[in-house]
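What follows is one structure encoded as structure tokens, with my remarks underneath.
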Amino acid sequence: MTAPNVDAYLREVRAGLRSLPEPEVTDILNELRGHIAERLGGAGQADHGAIDSVLRKLGRPEQIAALYVAENLAWRAESTRSPWAILRGVFHWSTLSVMGFVVFMVCLTGYAFGVCFFLAALMKPFHPQSVGLWVSNRPDSYSLHVGGFSGPAGDERELLGWWLVPIGCSLGGGTILLTTQFALWALRRLRKPKQLA
Amino acid sequence: MTIDGSGSSSDKWEVQLRKGCLELAILASLWSGRLYGLELLRVLEEKSELVITEGTVYPLLSRLRGEGLLDAEWVEAELGHPRKYYRLTASGRRRATAMAKIWFRFSANLDGLLTPLIKEER
């Protein structure tokens, strides 16, 4: 049997751990429950003051949860290095802080660019007339764009030709790699949130 | 920003220092055998001044386990709650040794630099 404020405390920790798998959450809560119970001296009825002091020493529940999530996402992203795991981790972070949101937007943009480069390289052999890097011939209106399916306007010429395939592939791979490196760097910094000493 | 003894800069520096050392202190505490969370906290309390908020240690243990530096297992206690025991893995032992070497090198160098500061203050 546990005191109502201990239950409320653990409920708050659980609420902060939503993004982790359930077995892990149960494991974490069991460990914290054991800690609290033993600090209170086993089965005896503890008074409110004692409970409060134990909980205060343990820290704010939402901060503990945030720290668990941060540690967990950081090493998980690092151990898989998959863009999906990284995006998930960064997305969760983005719900917690402005900095996280900025990092998430950067990563999303980076991966989107990477995928577009790959797509352009992939589409070139199938639609050679409409996929390419086009540049305007008129000297007064210099425009550069990667073509879609509509094809080039009359006064444009293609710049890269078949070179688009290797260049698109290497730019795509490079962008994805760079984005991953950036996200891992950011997540590693996240691992040490400033609010907790 | 203040840079005197009681200022926020030195507080911040101390917080960073604590955090940086906590991981090494945890690995070192587990050097001679397995411990469960609260036991580990008691060792840290007694032998270091590193832990202020106890709840920070548990997430850190969880990451160290995720990185393969620690193993964990639940053991039924005779009385009360089951306990989650942590022990160093082979790679945890290697990491702890490597960190300890770095620590001693750093602190030996710094000691030489810092001793005059304390002497002059007296």
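Could you list, in sequence order, the residues of the range A:88-121 that are buried (at least 16 other Cβ atoms within 10 Å of the Cβ) and among the aliphatic types (A, V, I, L, M)? So that I can check it myself, show each step before the final result.
Step one: filter the range A:88-121 for residues buried (at least 16 other Cβ atoms within 10 Å of the Cβ), giving A:89-94, A:96, A:100, A:103-104, A:107, A:110-111, A:113-114, A:117-118, A:120-121.
Once the filter is applied, which keeps residues that are buried (at least 16 other Cβ atoms within 10 Å of the Cβ) and among the aliphatic types (A, V, I, L, M), the range A:88-121 yields A:V90, A:L96, A:V103, A:A120, A:A121.
Scanning the range A:88-110 for residues that are farther than 12 Å from A:L187 by Cα and within 11 Å of the chain's Cα centre (by Cα), which turns out modelled with the lowest pLDDT? Explain how you work it out, then say what you get.
Here is the first cut: in the range A:88-110, the ones farther than 12 Å from A:L187 by Cα are A:95-98, A:101-102, A:105-106, A:108-110.
Then keep just the ones that are within 11 Å of the chain's Cα centre (by Cα); that gives A:95, A:101-102, A:105-106, A:108.
Values: A:T95: 74, A:F101: 87, A:V102: 90, A:M105: 92, A:V106: 93, A:L108: 91.
Once the filter is applied, the top-ranked residue is A:T95.
Of all residues being under 14 Å from B:L22 (Cα atoms), assigned to a loop (DSSP other than H, G, I, E, B) and in contact (Cβ under 8 Å) with a residue 12 or more places away in the chain in the range B:50-68, which is nearest to the other protein chains (Cβ to nearest Cβ)? Just the residue, please. Explain how you work it out, then say what you get.
Start the filter on the range B:50-68 by keeping residues that are under 14 Å from B:L22 (Cα atoms), which leaves B:50-64.
Right, trim to assigned to a loop (DSSP other than H, G, I, E, B) and you get B:50-53.
Next, from what is left, pick out any that are in contact (Cβ under 8 Å) with a residue 12 or more places away in the chain: B:50-52.
Numbers: B:L50: 10, B:V51: 9, B:I52: 5 Å.
Within the range B:50-68, the match that is nearest to the other protein chains (Cβ to nearest Cβ) is B:I52.
Out of the range A:57-87, which residues are outside any helix (DSSP H, G or I), modelled with pLDDT under 80 and surrounded by 20 or more Cβ atoms within 10 Å (Cβ to Cβ)?
Taking the range A:57-87 first, the residues outside any helix (DSSP H, G or I) are A:59-60, A:81-82.
Of the ones still in play, those that are also modelled with pLDDT under 80 are A:81-82.
Selection gives nothing.
Taking the criterion of being under 14 Å from the mean Cα position of the chain (by Cα) and within 14 Å of another protein chain (Cβ to nearest Cβ), would at least one residue in the range B:71-79 satisfy it?
Looking only at the range B:71-79, we keep the residues that are under 14 Å from the mean Cα position of the chain (by Cα), and these are none.
No, the range B:71-79 contains no residue that is under 14 Å from the mean Cα position of the chain (by Cα) and within 14 Å of another protein chain (Cβ to nearest Cβ).
Please verify whether the range A:122-132 includes one or more residues that are part of a helix (DSSP H, G or I) and either at pLDDT 90 or above or among the polar types (S, T, N, Q) (or both). Full working, then the answer.
First pass over the range A:122-132, keeping only residues part of a helix (DSSP H, G or I): A:122-123.
Filter once more, so that each one left must be either at pLDDT 90 or above or among the polar types (S, T, N, Q) (or both): none.
Within the range A:122-132, not a single residue is part of a helix (DSSP H, G or I) and either at pLDDT 90 or above or among the polar types (S, T, N, Q) (or both).
Could you please let me know if B:K101 is in a helix (DSSP H, G or I) and of a type in the set (K, R)?
yes
Quick check on the range B:12-33. Is at least one of its residues surrounded by fewer than 10 Cβ atoms within 10 Å (Cβ to Cβ), closer than 28 Å to A:S53 by Cβ and within 9 Å of chain A (Cβ to nearest Cβ)?
no
Please go through (1) among the aromatic types (F, W, Y); (2) more than 13 Å from every other protein chain (Cβ to nearest Cβ); (3) closer than 23 Å to A:G34 by Cβ for B:Y36 and return the number of the only condition it doesn't satisfy.
Every condition holds for B:Y36 apart from (2).
Would you mind finding the one in B:G37, B:G92, B:G33 that is in contact (Cβ under 8 Å) with a residue 12 or more places away in the chain and in contact with a Leu (Cβ under 6 Å, 6 or more places away or on another chain)? Give the derivation first.
Working: B:G37 fails: in contact with a Leu (Cβ under 6 Å, 6 or more places away or on another chain); B:G33 fails: in contact with a Leu (Cβ under 6 Å, 6 or more places away or on another chain).
Going through B:G37, B:G92, B:G33 in turn, just one is in contact (Cβ under 8 Å) with a residue 12 or more places away in the chain and in contact with a Leu (Cβ under 6 Å, 6 or more places away or on another chain): B:G92.
Hey, does the range B:85-93 have a residue that's within 10 Å of chain A (Cβ to nearest Cβ) and either outside any loop (DSSP other than H, G, I, E, B) or of a type in the set (D, E) (or both)?
no
The values are calculated or read from the model by the stated rules, or taken from the named source; none is laboratory data. Here the structure is a predicted model, which means the values were calculated and not measured. Methodologically, a virtual Cβ is constructed for each residue, glycine included, from the backbone with ideal geometry; neighbour enumeration extends over all protein chains shown.
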